[in-house]
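> Quick one: the structure is below, questions incoming.
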C-alpha cells in the first residue's frame, strides 16, 4: 500500500476514495471502504493525523495508532492512502478548496463517506456539496450503534466482547517492548513490557486473556500492586514463546478479563495465581 502526505505524491490514477478518520477501522468504517472498493477504480483512503478532534480542542483516546490504522486499511484491500496532517491550516481550509485541492488533485472520481461526514472550515462541507462539484458520491448509512465513541465506551467499561462485536475483531493495545523490572522472568513467566503511546486507549486494570504474534498471551494491565508499584504498565506473557522482543513493536489482542490485579500474601501464592492465569488463557475463547 502506498502512503502519501500530499496528493502529488500519489501519482495520477482514477480513484474511488473513502474519507474519514477511521480510528479503529470498525464495522461501520468497513462499510465505507466496501463502497469505495465497489466502484472498481483504484481504492484509496483520505484520512488524518493527528485525529481532528485532538486539534480542535477535544482529547481523544485512540483505538489504534496511525501505524496500526494503516495496517488495517491495507488488510482491507486499500491500495493508496493520503494521510493528511490535520492542523489549524487544514482546519481553516474552505470546503470547496479541500474538494478541489485534495480530493480532485488525488484523482478522486468517486467519494465514499458516512451520511453525516463534514469537512472544511467550520464543517461547512458535506456530501451534497461534493455532488454539486461533480463527484460521484457513495453515501453510506451509519451502522446502528457502531461508532468509535461507542467502542471507546465499551472498552472503558471493560466490556471487551461488546467492543469486539463492533470492531469485528478483538480490541488491541500496542507499544514498543522495553526493559522492565525482570520480575516476570524471575517468577518463571517472562513478560513483554510495552511502552504504550499516551494517546492510546488501554482497557481497565486487570489480568486478561489475549494474543500476540500468533501466540496466546496472559496480559497484565495496572500497577503491580503485589510489588507496591505506582506506574501503570501493560505486560504480556506470550505462551510457548521463546525469543527476544526488546525494541520490537507489539500489537496485543485483549480478549477477556480473567481477574482483578491483587496483592498476595506470598511469592508462592503469586506464582500459583499467574500459573492459573496461563491455564485459563490456554482455554479462553477468542472473539468470533
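The values are calculated or read from the model by the stated rules, or taken from the named source; none is laboratory data. Everything quoted here is computed from the prediction, not taken from an experiment. Reconstructed Cβ throughout: ideal geometry from the backbone, glycine too, with neighbour counts over all protein chains shown.
> In this structure, does residue 284 turn out to be at pLDDT 95 or above and more than 26 Å from the chain's Cα centre (by Cα)?
For residue 284, the condition - at pLDDT 95 or above and more than 26 Å from the chain's Cα centre (by Cα) - is not met.
> If you go through segment 10-33 one residue at a time, how many are touching a residue at least 40 places away in the same chain (Cβ under 8 Å) and farther than 16 Å from residue 149 by Cβ? Don't jump to the end; show me each part of the working.
Here is the first cut: in segment 10-33, the residues touching a residue at least 40 places away in the same chain (Cβ under 8 Å) are 10, 12-28, 30-33.
If we keep only those that are farther than 16 Å from residue 149 by Cβ as well, we get 10, 12-19, 30-33.
Count: 13.
> While we're here: Being more than 23 Å from residue 72 (Cβ to Cβ) and either under 19 Å from the mean Cα position of the chain (by Cα) or modelled with pLDDT under 95 (or both) is true for just one of 226, 237. Which residue is that?
226
> Does residue 162 satisfy the criteria of being out of contact with any strand residue (DSSP E or B) (no Cβ under 9 Å at 6 or more places or on another chain) and not assigned by TED's automatic domain parsing to the domain that holds residue 52?
Against the criterion (out of contact with any strand residue (DSSP E or B) (no Cβ under 9 Å at 6 or more places or on another chain) and not assigned by TED's automatic domain parsing to the domain that holds residue 52), residue 162 qualifies.
> For residues in segment 256-277 being touching a strand residue (DSSP E or B) at 6+ places or on another chain (Cβ under 9 Å) and buried (at least 17 other Cβ atoms within 10 Å of the Cβ), which is farthest from residue 168 (Cα to Cα)?
Per the criteria, the residue is 274.
> Can you list the helices (runs of 4 or more DSSP H) found entirely within segment 109-208 that contain at least 3 residues being farther than 22 Å from residue 274 by Cβ, touching a residue at least 12 places away in the same chain (Cβ under 8 Å) and touching a helix residue (DSSP H, G or I) at 6+ places or on another chain (Cβ under 7 Å)?
148-156, 160-167
> Give me the pairs: first residue in segment 209-231 and outside any strand (DSSP E or B), second residue at pLDDT below 80, beta-carbon distance under 6 Å, and six or more apart or on different chains, which are they?
Going by the 6 Å Cβ cut-off, the qualifying pairs are 223/229; 223/230.
> List the number of the failed condition for residue 206; all other conditions in (1) at pLDDT 95 or above; (2) closer than 24 Å to residue 67 by Cα hold.
Going through the list (1) at pLDDT 95 or above; (2) closer than 24 Å to residue 67 by Cα, residue 206 breaks only (2).
> Would you pick out the residues in segment 67-82 that are surrounded by fewer than 18 Cβ atoms within 10 Å (Cβ to Cβ) and touching a strand residue (DSSP E or B) at 6+ places or on another chain (Cβ under 7 Å)?
Within segment 67-82, 77, 79 qualify.
> Let me ask something additional. Can you tell me which of (1) modelled with pLDDT of 95 or more; (2) assigned by TED's automatic domain parsing to the domain that holds residue 17; (3) in a helix (DSSP H, G or I); (4) under 26 Å from the mean Cα position of the chain (by Cα) is the one residue 54 doesn't meet?
Here residue 54 clears every test but (1).
> A follow-up question, please. Among the residues of segment 57-74, how many are under 13 Å from the mean Cα position of the chain (by Cα) and without any contact (Cβ under 8 Å) to a residue 40 or more places away in the chain?
2
> Still on this structure: Looking at the structure I just gave you, is residue 42 in contact (Cβ under 8 Å) with a residue 60 or more places away in the chain, buried (at least 16 other Cβ atoms within 10 Å of the Cβ) and over 26 Å from residue 146 (Cα atoms)?
Values: in contact (Cβ under 8 Å) with a residue 60 or more places away in the chain: yes; buried (at least 16 other Cβ atoms within 10 Å of the Cβ): yes; over 26 Å from residue 146 (Cα atoms): yes.
Against the criterion (in contact (Cβ under 8 Å) with a residue 60 or more places away in the chain, buried (at least 16 other Cβ atoms within 10 Å of the Cβ) and over 26 Å from residue 146 (Cα atoms)), residue 42 qualifies.
> For segment 249-268, which residues satisfy the criterion of being in contact with a helix residue (DSSP H, G or I) (Cβ under 8 Å, 6 or more places away or on another chain) and at pLDDT 95 or above?
Listed by number, the residues that qualify are 249, 251, 254, 255, 256, 257, 258, 259.
> Quickly run through segment 234-255 and pick out the residues that are surrounded by 14 or more Cβ atoms within 10 Å (Cβ to Cβ) and either farther than 19 Å from residue 188 by Cβ or without any contact (Cβ under 8 Å) to a residue 12 or more places away in the chain (or both).
234, 249, 250, 251, 252, 253, 254, 255
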